[in-house]
Amino acid sequence: MIELTSKQRKALERQAHDLNPVVIIGQQGITENLVKMVSDTLKSHELIKVKFNEYKDDKREYSEDIASRTESTLVRVIGNVAIFYKENEDPKKRRVTLD
């Protein structure tokens, strides 16, 4: 997990703007399968959105838990959508810029 400056956070938000949520949190909440799905998706996309259809009152806590368990950075929670970022370990495969 990296600490983002406000400038980096805004850059990631702009890049995430047109993305559709790839993971949806429903009645089952945060399961091991959901965490694995988020982790696997972050490996290939670096920047993703997760939508809360359930547990909307707890979305901030759940988002922080997901970020911790996937070793990613919670960029922002906007409405019922959380934005996560995890830089690809291979510099040649990086798709997202922090500028």
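Quick note: the coordinates plus some simple rules give every number you see, no bench work behind them. These figures come from a predicted structure and were not determined experimentally. Neighbour counts run over all protein chains shown; Cβ positions are idealised from the backbone, glycine included.
Packing here is the average count of other Cβ atoms within 10 Å per residue, and on that basis the peptides 13-21, 47-55, 90-98, highest first, run 47-55, 13-21, 90-98. Amide H contacts under 5 Å for Arg76: Ile83, restricted to partners 5 or more places along the chain or on a different chain, H placed in the peptide plane at 1.01 Å from N. I'd like the FRET efficiency for Lys93 and Gln27, computed as 1/(1 + (r/R0)^6) with the beta carbon distance as r and R0 of 41 Å, rounded to 0.05. According to the calculation, E is roughly 0.75. With contributions of -39500 (n - 2.57) from each DSSP H run of at least four residues, the per-residue ellipticity at 222 nm computed over the chain stands at -11500 deg cm²/dmol. With a Förster radius of 30 Å applied to the beta-carbon distance between Lys7 and Lys36, the computed FRET efficiency rounds to 0.40. The HN-Hα couplings worked out from phi for region 68-82 by the Karplus form 6.51 cos²θ - 1.76 cosθ + 1.60 (θ = phi - 60°) are 5, 6, 9, 6, 10, 10, 7, 6, 5, 10, 10, x, 10, 10, 10 Hz, whole numbers, x standing for Gly and Pro.
Per residue, the convex hull spanned by the alpha carbons of the chain comes to 90 Å³.
The lysines whose alpha-carbon is closer than 30 Å to the alpha-carbon of Lys56, local same-chain residues fewer than 8 away aside, are Lys7, Lys10, Lys36, Lys43, Lys86. Each residue of region 20-28 was assigned a 3J(HN,Hα) from its phi angle through the Karplus curve 6.51 cos²θ - 1.76 cosθ + 1.60 (θ = phi - 60°); the sequence is 8, x, 9, 10, 10, 8, x, 4, 7 Hz, with glycine and proline shown as x.
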